[in-house]
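Here's the structure, in structure tokens; my notes come after.
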Amino acid sequence: MTARKSQVEPANKGWKSPVTADKRAGDNAVLMNRVLEEPRLGMALLYERFARDVNRLVYRVLGPDGEHDDIVQQVFLQMIQSIGNVRDPERLSFWVRSVCVNVVRSELRKRAVRRAFFRSAPPLEVGDLSTDVESADFLNRSSLVLDRLSAQERVVFVLYYLEEQTLPEIAEVCGFSLRTAKRRLARARERFRKHMTRDPRLARLVEEEDVG
Amino acid sequence: MTDPIRAWADKYADALGEGPTSQGKLAAQGARLLLAHSKPPARPPLGRVRWALAAACVVVAAGFWAYQPSSPPASAALSDSAPIRVGELVETKELSRSVEFQGGSRAILEPDSRGSLSHYSPELVELTLQDGAVKMDVTRIAGRKWVVKAGQFRVHVIGTAFTVRRDAGSGAFAVDVTRGTIHLEGPRLQGRVALTQGESFRWRPESGNIARRSSSPDPASSSRPPTSKEAPSALGSARSNKTTKSSSAASPSQSGWQDLASAGKYAEAVQMVEKQGAMTVLSGLGSSDRILLGNAARFSGNWSLAHKAYLAARSSSDPGAGALAAYYLARVALDGQGKADEAIGWLRTYLREAPSGELSASARARLMDLLQKSGDLAGARKIAAEYVAMHPGGPHVARAKRLTQSGP
């Protein structure tokens, strides 16, 4: 099993640290101006620049989801509407992540409300496709466990474990204090572990992986 | 011992794969986004009206919730690929594909098949099989109906397991019921005909021949299209909307091992094969069934049989199956036998034979790890560089980049 975290230098994360300056700040300023002056062209440029990162973050937090494209669209529309609020072009990519996290978190909350009222939220998508039955089973079981976390906990949990963000980065992207980030991660971890152990097959699949 | 959550995260990232970040999908998504952005925004309702509407919705929803009978879960499962939308055509090549529905139902589209989900609502799920075979395992949920359409035939599902086959070229149709009951509609059938566990139905349009059998589905026949030579008992006398008792209905243990394996009953499937003689069964199987047997054996912890089945798949003439078997042999070597060197060899074989295969990202990630753990950092960096180049949106790209940057 890979012990990624222990071998990781935080500064070398896939996402750039929000506290380090964005080297493309000059480009960012140009991009922001284009978005403000010509929103349609700006949208295309914004999409070209951030589509991969936004898609990945949404995908990691929600998993395969029938509303994935709609949520990505919401993120970009939100960005277009509020890009004028970005004061520092150096922090554009950090701001993009914040918008993305906010939209996804809001979507998770809506789903939790729908689940509370309708017991099962009918998603738009009607099934999922897998080339590997084993992976589909694992993802399905994992999704049920992730659904037991609150929106805040799920986002923090995914950012930490899948996006490999550090706690200060997570706190900044999510807009709360470091202490709150630590508390939420601890709670998410505890709840996740509890629900994971209730699914023996999921626990066994993880153990199998661990042997490797 | 690794932190189990960390272990879960690694496996989850691996199972998620690259998701929707492939270039083709991004281009389509971008086009839709720009189209949506070019439309004038809808005028938002006035604040008070909005609040009144929200309050009304809450009242209605609360009422609905209070009086809602125990409704079935809607649907949705997860996978490492894009979700299916209504009308979207799904095609398989050398691998089967599984559509998982919440509530435990599952449709497995077998290799070389085409189909789509033609309707979905909480009351009705309808799948259309254009060509090939689909194995259904439907868990009965009150208030929901399932229908599988194949050419002129419609299979109405009650809560059962069965396989539908259709050859798009000839229009031939077949269905084998493994468990429960189905109702069949089609040409020359008077109304709906009930087929129960162990019964099969065949139809060939060119001969107009209809055949019905009351025996357990023959495992050997499950991977081939129906032929006109099969038991010619015409269905003209079949009773409409009546459940016909099968004279020799098969018990679950008598159904084909493929059906058991496809239904996730791996240990039972393996047990059945071993009773029949593993090598005898293997020698009569095609490459995809050999892989299916290997997977069933691997999932049930029978590493020896898994190894034999995958080796047998490699000896077949199908290069796709051979490469896939190499990947699984690596899993057997690693998970079952703890032989890292052998696993490295098989992963290299897989990547040589299928450098852009469906499991190539996972294979590179595993190979990268194994080489790193074995101390071959130069080899690990080489694979990491390949990973970054070939799977830029992959789940292990950050780790691969770190590895490439850590070099001298």
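Considering only the stretch B:318-336, I want to know if a residue exists there that is outside any helix (DSSP H, G or I) and either within 30 Å of residue A:50 (Cα to Cα) or without any contact (Cβ under 8 Å) to a residue 12 or more places away in the chain (or both).
There is no residue in the stretch B:318-336 that is outside any helix (DSSP H, G or I) and either within 30 Å of residue A:50 (Cα to Cα) or without any contact (Cβ under 8 Å) to a residue 12 or more places away in the chain (or both).
Evaluation of residue B:357 against the conditions (1) at pLDDT 85 or above; (2) within 21 Å of the chain's Cα centre (by Cα) shows that the sole unmet condition is (1).
Can you tell me which residue is farthest from residue B:397 (Cα to Cα) among those in the stretch B:319-351 that are more than 26 Å from the chain's Cα centre (by Cα) and not small (Gly, Ala, Ser)? Across the stretch B:319-351, the extreme among qualifying residues is B:337. Within the stretch A:106-120, is there a residue that is within 22 Å of residue A:192 (Cβ to Cβ), out of contact with any strand residue (DSSP E or B) (no Cβ under 6 Å at 6 or more places or on another chain) and at pLDDT below 60? Checked against the condition, which is being within 22 Å of residue A:192 (Cβ to Cβ), out of contact with any strand residue (DSSP E or B) (no Cβ under 6 Å at 6 or more places or on another chain) and at pLDDT below 60, the stretch A:106-120 yields at least one hit. Contact map, the stretch A:181-199: residues that are on the phi < 0 side of the Ramachandran plot paired with residues that are among the hydroxyl-bearing types (Ser, Thr, Tyr) and surrounded by 15 or more Cβ atoms within 10 Å (Cβ to Cβ), Cβ distance under 6 Å, separation 6+ or inter-chain. Pairs shown: A:185/A:160.
Quick one: would you say residue A:185 is outside any helix (DSSP H, G or I) and not hydroxyl-bearing (Ser, Thr, Tyr)?
Taking the combined requirement at face value, the residue does not satisfy it.
Please work out which residue is farthest from residue B:87 (Cα to Cα), limiting yourself to the stretch B:139-153 and to residues that are of a type in the set (A, V, I, L, M, F, W, C) and modelled with pLDDT of 80 or more. Of everything passing the filter in the stretch B:139-153, B:153 is farthest from residue B:87 (Cα to Cα). Being within 11 Å of another protein chain (Cβ to nearest Cβ), under 13 Å from the mean Cα position of the chain (by Cα) and in a helix (DSSP H, G or I) is a description that does not apply to residue A:40. Within the stretch A:62-110, the residues that satisfy the criterion of being in a loop (DSSP other than H, G, I, E, B) and away from chain B (no Cβ under 14 Å) are A:86, A:87, A:88. For the stretch B:370-396: of the residues being within 11 Å of chain A (Cβ to nearest Cβ) and touching an Asp or Glu at 6+ places or on another chain (Cβ under 9 Å), which is surrounded by the fewest Cβ atoms within 10 Å (Cβ to Cβ)? Of everything passing the filter in the stretch B:370-396, B:392 is surrounded by the fewest Cβ atoms within 10 Å (Cβ to Cβ). Within the stretch B:297-311, being modelled with pLDDT under 85 and assigned to a helix (DSSP H, G or I) holds for B:298, B:299. For residue A:155, state whether it is closer than 17 Å to residue B:12 by Cα, more than 14 Å from chain B (Cβ to nearest Cβ) and modelled with pLDDT of 90 or more. Judged against the criteria, residue A:155 is a match. Restricting to the stretch A:157-180, name every residue that is assigned to a loop (DSSP other than H, G, I, E, B) and either crowded, with 22+ Cβ neighbours inside 10 Å or in contact (Cβ under 8 Å) with a residue 24 or more places away in the chain (or both). Scanning the stretch A:157-180 gives A:162, A:163, A:164, A:165, A:166, A:175. Determine whether residue B:278 is more than 14 Å from chain A (Cβ to nearest Cβ), surrounded by fewer than 22 Cβ atoms within 10 Å (Cβ to Cβ) and touching a helix residue (DSSP H, G or I) at 6+ places or on another chain (Cβ under 7 Å). Spelling it out, residue B:278 is indeed more than 14 Å from chain A (Cβ to nearest Cβ), surrounded by fewer than 22 Cβ atoms within 10 Å (Cβ to Cβ) and touching a helix residue (DSSP H, G or I) at 6+ places or on another chain (Cβ under 7 Å). Does any residue of the stretch B:4-17 turn out to be part of a strand (DSSP E or B), under 30 Å from residue B:363 (Cα atoms), at pLDDT 70 or above and at the interface with another protein chain (Cβ under 8 Å from one of its Cβ atoms)? Within the stretch B:4-17 (the criterion being part of a strand (DSSP E or B), under 30 Å from residue B:363 (Cα atoms), at pLDDT 70 or above and at the interface with another protein chain (Cβ under 8 Å from one of its Cβ atoms)), the answer is no, since none of the residues qualifies. Give the residues of the stretch B:145-161 that are within 17 Å of residue B:125 (Cβ to Cβ) and either in contact with an Asp or Glu (Cβ under 6 Å, 6 or more places away or on another chain) or polar (S, T, N, Q) (or both), sorted by residue number. Correct list: B:147, B:154, B:160, B:161.
The values are calculated or read from the model by the stated rules, or taken from the named source; none is laboratory data. These numbers were taken from a predicted model, which means no experiment stands behind them. All Cβ positions, glycine included, derive from the backbone under ideal geometry; neighbour counts span all protein chains shown.
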